[in-house]
1. Take the residues in the stretch 127-144 that are touching a strand residue (DSSP E or B) at 6+ places or on another chain (Cβ under 9 Å) and not charged (D, E, K, R); name whichever of them is nearest to the ligand (Cβ to nearest atom).
2. For a quick check of your reading: which strands (runs of 3 or more DSSP E) sit entirely within the stretch 1-74 and have at least 3 residues that are touching a helix residue (DSSP H, G or I) at 6+ places or on another chain (Cβ under 7 Å) and not aromatic (Phe, Trp, Tyr)?
3. Of LYS51, LYS71, LYS42, LYS21, which residue is basic (Lys, Arg) and touching a Leu at 6+ places or on another chain (Cβ under 7 Å)?
4. Quick one: how many residues across the stretch 117-126 are in contact with a Phe, Trp or Tyr (Cβ under 9 Å, 6 or more places away or on another chain) and more than 10 Å from the ligand (Cβ to nearest atom)?
5. Filter the stretch 11-38 down to the residues that are in contact with a strand residue (DSSP E or B) (Cβ under 7 Å, 6 or more places away or on another chain) and in contact (Cβ under 8 Å) with a residue 60 or more places away in the chain and list them by number.
6. Could you run through the stretch 117-135 and say how many residues are within 17 Å of HIS61 (Cβ to Cβ) and in a loop (DSSP other than H, G, I, E, B)?
7. Can you tell me how many residues in the stretch 92-116 are within 13 Å of the ligand (Cβ to nearest atom) and part of a helix (DSSP H, G or I)?
8. When you look at TRP86, is it under 21 Å from ASN32 (Cα atoms), within 13 Å of the ligand (Cβ to nearest atom) and not polar (S, T, N, Q), yes or no?
Amino acid sequence: MLITGLLLIIVINPILTYANKTTHNNLTVFHNKTLDPTLLTKLDQATELLKASELYNPDLHLDICLNDGSKYPKLIRAIRGQAFAWGFYNKVVLQGNANYNENYVELNGYKWNLTQLLAHEMTHCLQFDKLGFWKSKPIANIPNWKWEGYAEYVSRQNTDQKDLSKI
Ligand SMILES: [Zn+2]
C-alpha cells in the first residue's frame, strides 16, 4: 500500500523525477536536458490537430514528459508496458527515441510521426477530461478500436490520410 501510494505521488508529480520544466501555453514540458524549441513547434502542430475534435478543451492543461534521462518514462513503462508514448489523465509521456528535427519517435526500429503521436496521446487526455476517471481507459471497459480509433481519427489529418474518412 505504501509503495503504491509513493508510486502514485511520483506519477502525479513528474517534477519529482525531472530536473527542469518549461511552460508553453497550456502545456508544461518536463525535461532533463536543455529543451529543443523544435519540440514546441511540434506541440503547437499537435494542438492544432486537436482543435478539430469535439472533445477539445482550450482550458485544459497538460503535462508533457520527455524521455531524455528522467526515470519517469521508465516508471510508466514498468506500470503500463512498452509503447511509443502513453497518454493518460493530463499527461503525455514519451517513451521512444525522439528526433524533433525529422519529426519522429523511434522504438525497436519502428518510427511514428512525432506530431501525430503527440496529437494521439493528447487526444487520450481529452477523452479522459471529458469522460472522467471511471469512464476512461484503463478503468472503464472501452473497446480498444473505439478508444484508440478516436485518437487516430483526430491525429491522422495529413492530406494523404484524410481520404479514409471519405470512403
Ligand atoms: Zn493510444
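Read-outs: derived from the displayed coordinates by stated rules, not from any lab. Keep in mind that what you see is a predicted model, and the values were worked out from it rather than measured. Backbone-built Cβ (ideal geometry, glycine too); neighbour counts: all protein chains shown.
1. Checked the stretch 127-144; the qualifying residue nearest to the ligand (Cβ to nearest atom) is GLN127.
2. Details: elements: 20-24, 27-31, 62-65.
Hits in the stretch 1-74: 62-65.
3. On the way: LYS51 fails: touching a Leu at 6+ places or on another chain (Cβ under 7 Å); LYS71 fails: touching a Leu at 6+ places or on another chain (Cβ under 7 Å); LYS21 fails: touching a Leu at 6+ places or on another chain (Cβ under 7 Å).
When all the criteria are applied, what remains is LYS42.
4. So the first thing to find is which residues in the stretch 117-126 are in contact with a Phe, Trp or Tyr (Cβ under 9 Å, 6 or more places away or on another chain), and the list is 117, 120-121, 123-126.
Still in the running and more than 10 Å from the ligand (Cβ to nearest atom): 125-126.
Total meeting the criteria: 2.
5. The one that is in contact with a strand residue (DSSP E or B) (Cβ under 7 Å, 6 or more places away or on another chain) and in contact (Cβ under 8 Å) with a residue 60 or more places away in the chain: PRO14.
6. Residues flagged as within 17 Å of HIS61 (Cβ to Cβ) and in a loop (DSSP other than H, G, I, E, B) within the stretch 117-135 amount to 2.
7. Of the residues in the stretch 92-116, 1 are within 13 Å of the ligand (Cβ to nearest atom) and part of a helix (DSSP H, G or I).
8. Working: under 21 Å from ASN32 (Cα atoms): yes; within 13 Å of the ligand (Cβ to nearest atom): yes; not polar (S, T, N, Q): yes.
For TRP86, the condition - under 21 Å from ASN32 (Cα atoms), within 13 Å of the ligand (Cβ to nearest atom) and not polar (S, T, N, Q) - is met.
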